[in-house]
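Values quoted throughout were computed directly from the atomic coordinates according to the rules given, and no laboratory measurement underlies them. What you are looking at is a predicted structure, and each value in this text was computed from that prediction instead of being measured. As a convention, Cβ positions derive from the backbone with ideal geometry for all residues, glycine included, and neighbour counts pool all protein chains shown.
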Amino acid sequence: SAFDYDGQAASPNITNVTLNPAGTELQVSGTKFGSAPGLVALGTDMTPTGNFQCDPTQWNDTSIVCTMPLIPAGGWMVRAWNRALGWSARGPDLLTIHTVVSEAEVSGEAVDLSGGGSGVFSAGFGGDVDLVLRGTGLGKEPSNMEI
């Protein structure tokens, strides 16, 4: 007997992914997401559950809105899962997360970078300095990332 495969046609399909300007919510548009909330995976791991998870706040058959996790800058595949139809293929484009440093601090001296400009620290730090970066796309709590 013949075997017919219709898995891709029957699976959820992502047509567009949009990140809000604040970088806190992701909107996923497409088809066959189902009515019950499932999962939204962000990452390049072949196993979608091995990726970052975007927490769904709204979910219907054609649209998902989810709260973004704290993830580092880079290009991320977005995939959706519904209980009945399984995983979608990745969306048509990678979700791009940029690093935005709004403030840098060296050994207690802070420079505000929120206007997109540059800052100058006083000279003479020598060695053994503490550098603190604050911003988004750092992959850690956005208010304070120490390296």
| query | Among 50-59, 15-24, what's the highest-first ranking by average C-beta atoms within 10 angstrom per residue? | reply | 50-59, 15-24
| Proximal charge balance of P48 [Cβ under 13 Å; K/R count +1, D/E count -1] | +1
| note | Net charge (Lys, Arg +1; Asp, Glu -1) of residues whose beta-carbon lies under 10 Å from that of S88, S88 excluded, is +3
| task | State, as an integer percentage, the relative contact order of region 43-109 based on alpha-carbon contacts under 8 Å between residues 6 or more apart. | result | 23 percent
